[in-house]
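A short reminder: the numbers here are calculations on the coordinates, not readings from a lab. None of the values given here were measured: they were computed from a predicted structure. Methodologically, a virtual Cβ is constructed for each residue, glycine included, from the backbone with ideal geometry; neighbour enumeration extends over all protein chains shown.
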Ligand code: MLT
Ligand code: ZN
C-alpha cells in the first residue's frame, strides 16, 4: 500500500519520473564487479533538485526505502539495490556550468561524469584534481559520496579536498547547503566534508562546486621495473620527495602478465614489480625526471614525453581492472597502510596468505604513493567473506584502513568494527539519525545492520536479499 502510494506520488511529481521497465532496471541491479546482484521495485530518475526533494519527501512520508545510484561503478555494492528498495539515479541531473575562471572552480550536477566536467574545463587549460580510471562513468555525486581518490591523490588530495560547496537533499532537512565557491568558510563543520565519504547515507548530492587545477604544460610518465617489492618501497620513498610527482602507482608481474594477454602486447620493461610515476610541472622536467628515476634505481625504465606515449604507459596500469574482470569475479580489497609498513603487508599477502589460499589468483596493484594497495583475489566464491576478512583484518591490525578509496558499501559494513570503535560507530549512527532518522537511504551501506548479520549472508552467492 505504502509503496503504491509512493509510486503514485512520483507520477504526480512528474509523469516521466518513474519507470518499471526491467530492461532499464536490470543492469543497474548488479554491481560493477558482478559479485552482487539485487532487485529494485522501480526506478526514479529526477531531473532537478525540486523533483529529487519531492521524491525523498514522499519516501519519508510512506516509509519507502531508497537506494541512491550514480554511475554504478561501486566496487563494494554501495549502489546495488536490495529487493525492497526503489532505485533513485542521478542520470538526468548532469548539467555542468561554465567554469569560474577567477575562482578556478566549476559547479556540476551529481549525474555529470568526471569526463564531462573535464571536457568543460579543458578549453581553459584546467582539470579536476581527482582523476580515476572509471572517469567516463563515475559521476560527481558518487565521487563525493565515496570521497573518491584515484591517481592524483598524491598531489591534489581526494574528492573531499576538491569540494568548495554542495547542495544535498536529506530526508530530515530537505534541500540544504550552498554552491558558492568559497575557499574558506569556517561557519561550523563543512557540510560538503560531512557528505564526502557518507556513501549516500545522509542525503543525495544535487550538485557540487569543485576546485579546478591548472593543466601543467610539462608532463613525463616513467614506467620502471624492479626485482622485488623492497626495492620498490625504497624507490617510492625517494620519488615522493619530488615536488613534480602527480601519480605514483605500482603493479606486479602477475597483473602485468594478465594485462599483456588482455591487450595483446608486451610491456616495454620487465621485472617482478613495476612503478608508474607521472611528473607534471609548468617548467622543463627532463633533467629533474632523469635524476629522480636514476635515484630510484630501477632495473629498467621507459619514459614518455608526448601525449600518446604517456597514454600507452598509463594503459599498463589502468587496464588492470578490466583485465582482472576478464579472469573472473574479483574480490576487491582496497586497503591503505602506513607507507612505512607497505612492504611488510605485501610480503604477508604474497607469502603466508598466498600459501594458505593456493587456489586463489592474487593480483596486487594500486596507488603506492598514497599507501593504497588494491588486493584483487580471483577464484573465491562470491559469498565467501572469510578471505576478504583475512586480508582486511591484517591491514587493520597493521594500523591501516579497510577502505582507502572504494568505500565500505554493503560488502564491508559488517567489518567496520575492524577500524572503528563502538563509540565511533555510535557517533556515526547519531549523525545518520540527524539526517535520516527513519533510515530510508541506502540501508545496509556503510553502517553495520543494527540486528547484526551480513547483508549477503543466507542468500544465494552473489545475491543481495
Ligand atoms: C583503480 O585504481 O584502478 C580503481 O580503484 C579500480 C580498482 O581497484 O579495480
Ligand atoms: Zn584505485
Review point. Using alpha-carbon positions, what is the distance between the centroids of the stretch 401-428 and the stretch 305-320, in Å?
Key: 34 Å
Check your understanding: What angle, in degrees between 0 and 90 and rounded to the nearest 10, separates the Cα long axis of helix 49-62 from the longest principal axis of the Cα atoms of the chain?
Key -> 60 degrees
Point to revise | Fraction of the pair-distance distribution of the stretch 218-397 above 31 Å, Cα-Cα pairs, percent | key: 15 percent
Check your understanding: Taking the alpha-carbon centroid of each part, what is the distance from the stretch 321-372 to the stretch 1-69 in angstrom?
Key -> 36 Å
Exercise for review: Would you mind ranking 250, 226, 305 so that the residue whose beta carbon has the fewest other beta carbons within 10 Å leads the list?
Suggested key: 305, 226, 250
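Kindly state, as a whole number, the per residue volume in cubic angstrom of the convex hull around the alpha carbon atoms of the stretch 105-214. Spell out each step's value before the answer.
Values: hull volume 10.2 nm³, N = 110.
Convex hull of Cα atoms, per residue: 93 Å³.
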Review point. Over the chain, what is the mean sequence separation of C-alpha contacts under 8 Å (at least six apart), divided by residue count, expressed as relative contact order in percent?
Key: 17 percent
Point to revise | Calculated diffusion of the chain, Stokes-Einstein form, Kirkwood radius summed over Cα pairs, 20 °C and 1.002 mPa s, µm²/s | key: 94 µm²/s
Exercise for review: Kindly express, to the nearest 10 degrees and within the range 0 to 90, the angle between helix 2-13's C-alpha long axis and the longest C-alpha principal axis of the chain.
Suggested key: 80 degrees
